[in-house]
Amino acid sequence: MFDIGFSEILVIAVIALIVMGPERLPQALRSFALWFGRIKQQYRSVRSDLENEMGIDDVRRQLHNENILKDLKEAKTNFEKAGNDIKSTIDSTDSKQSSDDDQK
């Protein structure tokens, strides 16, 4: 999410230690972690509520079903084409045999 490296975090920690002092820093970190956890929980809650209201799961299922139907239609087309190819091969073989039989 944020592109913060170890060196940046170390600089922030040193500045916080200098500004707040070693006595208040642990309490400040606990408060920060608590607020950060609450914000994260609110974000997840709002996101899940929006997904439920918008029916995201239904949309995903519908898209998945449409993809399956598309694949089935393609398979049906391929099978029909193969069947027609086989039928034309059989018909051409039968016509060759009947012309050979007529010549005899």
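Per-structure values
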| item | result |
| --- | --- |
| Lysine pairs within the chain, Cα separation less than 24 Å, 8 or more sequence positions apart or different chains | 7 |
| Identified option (computed semi-axes √(5λ) of the Cα gyration tensor in Å; candidates [x] 56, 19, 9; [y] 76, 20, 6; [z] 40, 16, 12) | [y] |
| Simple spin-label estimate for residue 44 and residue 57 in nanometres, 7 Å along Cα-Cβ | 1.7 |
| Segment residue 70-residue 31, extension gain: residue separation times 0.36 nm, minus the distance between their alpha carbons | 8.7 nm |
| Summed residue charge, Cβ within 13 Å of residue 46's Cβ, Lys/Arg positive, Asp/Glu negative | +1 |
| Tilt relative to the chain, helix 6-54 - C-alpha long axis, 0 to 90 degrees, to 10 | 40 |
| Ellipticity estimate at 222 nm from DSSP helix runs (n ≥ 4, -39,500 (n - 2.57)) divided over the chain, nearest 500 | -35000 deg cm²/dmol |
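Laboratory data are not the source of any read-out in this text; all were calculated from the coordinates shown. Predicted, not measured: the structure shown is a model, and the values here were computed from it. Positions of Cβ are generated from backbone atoms using ideal geometry, with glycine treated the same way; all protein chains shown enter the neighbour counts.
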